[in-house]
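What follows is a single structure, written as structure tokens, with notes after it.
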Amino acid sequence: MAPTLADPFNDSSALIDFVINQGNGVKGLSELGLKALPKQYIQPLEERMCMTNIVPQGSIPIIDMSNWEDPKVAKSICDAASEWGFFQIVNHDVPIEVLENVKDATYNFFKMPAEVKNKYSKEHSSSNNVRFGTSFTPQAEKALEWKDYLSLFYVSEEEASALWPSICSEQVLDYMKKSEVVIKQLLQVLMKGLIVNEINEAKESLLVGSMRTNLNYYPKCPNPELTVGVGRHSDVSTLTILLQDKIGGLFVRGNEGDDWIHVPPIKGSLVINVGDALQIMSNGRYRSVEHRVVANGSKNRISVPIFVNPRPADMIGPLPELATNGEKPIYKQVLYSDYVKHFFHKAHDGKKTVEFAEL
């Protein structure tokens, strides 16, 4: 039952019931036509995007991957990973129709009735590897984020076909599979930049031992300036490969204190960012950088990130080759599952997670 508009969600338990327990998400809130943002979503001033901090002509690097083995291209990838932590790639090997299909599948999943999506919620999902949810960690957040998501952890094609929602499973699997070649190219180049010339089986499973894809939905929002789509954070992955639609709204922290740079959507491009695991493994040579998503007052937005991660049981720390070259480690060895738990047990808080691994 949707609450009446006269008194929308003054009571937090009514909001939690509608958004989380009934599976309506913020999409359901958005479709109620609320004139004002529920107070549970109002972010403290310091977490809202201040438009004066946006770098007007700022841009992260855009790299043409058509000749990815060219030393100049390889250098631009390594430079982008160390100076910016973010870059966009064009003319890569993931076919455009694969990207369009996964965007359509994302819209189709979120169009489904709340009771169908709710079958995949934490309380009802038949597997921890399939999770429909909202915000980030609602139980730990002082203010909620204006986003719904479906998170799909890849174990095998058989499991994905059996457990992932059939409305999107095939398209997501195709997107993940077709992205693998680009992921391998990028990691080969980035490892060479660290003088790690051979990626053997053990190294590959450390870098890309597990993968998760999220389908993110950011519905249009009353008072978007008071809330966030996603709060400031860095990813816990090795690399993140992000497909965004044409709406825009992703911002990356620049190199000048509190400057933020918009990542404009480019048709057919993928946004690549270094995650904390690669920052730790590269001993800080490659940077995992804070980013955030603003809410939009007039349009619905989707994005589809693939998180390429170590396996939960892996120990991560600076790669041994770096120590051989006489480099002093700035991070300790940590169990990756402990690192991820630490990230998910708290609200988004910028770059604080990586302190967990500092010596």
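How much accessible area per residue does the range 59-357 have, in Å², with a 1.4 Å probe?
Normalised by residue count, the accessible surface of the range 59-357 is 41 Å².
Ranked from largest, the principal axis spans of the Cα set of the range 109-230 equal 50, 37, 24 Å. In summary, the lysines within cross-link reach of Lys35, defined as a Cα separation below 27 angstrom excluding same-chain residues under 8 places away, comprise Lys27, Lys111, Lys117, Lys142, Lys147, Lys220, Lys246, Lys299. To put it simply, the accessible area of the chain at a 1.4 Å probe is 53 percent carbon and sulfur. The simple Förster model, with R0 at 51 Å and r as the Cβ-Cβ distance, assigns Asp79 and Glu123 a FRET efficiency of 0.65. Across the range 293-298, computed HN-Hα scalar couplings (Karplus, 6.51 cos²θ - 1.76 cosθ + 1.60, θ = phi - 60°) run 10, 8, 7, 10, x, 10 Hz from first to last residue, x flagging Gly and Pro.
Extension gain for Lys177-Thr324 works out to 49.5 nm (0.36 nm per residue, less the C-alpha to C-alpha distance). Other residues with beta-carbon under 11 Å from the beta-carbon of Val73 carry, at +1 per Lys or Arg and -1 per Asp or Glu, a net charge of -2.
Between the amide H of Gln88 and those of Ile62, Ile63, Ile272, distances stay under 5 Å, these residues lying 5 or more places away or on another chain, with hydrogens modeled in the peptide plane.
Over the chain, DSSP H runs of length four or greater, each weighted -39,500 (n - 2.57), average out per residue to a 222 nm ellipticity of -8500 deg cm²/dmol. As a ratio to 2.2 N^0.38 Å, the alpha-carbon radius of gyration computed for the chain takes the value 0.97. Taking Gln279, Gln88, Gln185 in turn, the Gaussian network model of the chain (Cα-Cα springs below 10 Å) assigns the largest fluctuation to Gln185.
The values are calculated or read from the model by the stated rules, or taken from the named source; none is laboratory data. All of these numbers come straight from a predicted model, not from anything done at the bench. No Cβ is skipped: glycine too gets one built from the backbone with ideal geometry, and neighbour counts run over all protein chains shown. For the accessible areas, the whole protein counts, side chains as well, though only heavy atoms, and no ligand, DNA or RNA atoms are used. Shrake-Rupley method; radii C 1.70, N 1.55, O 1.52, S 1.80 Å.
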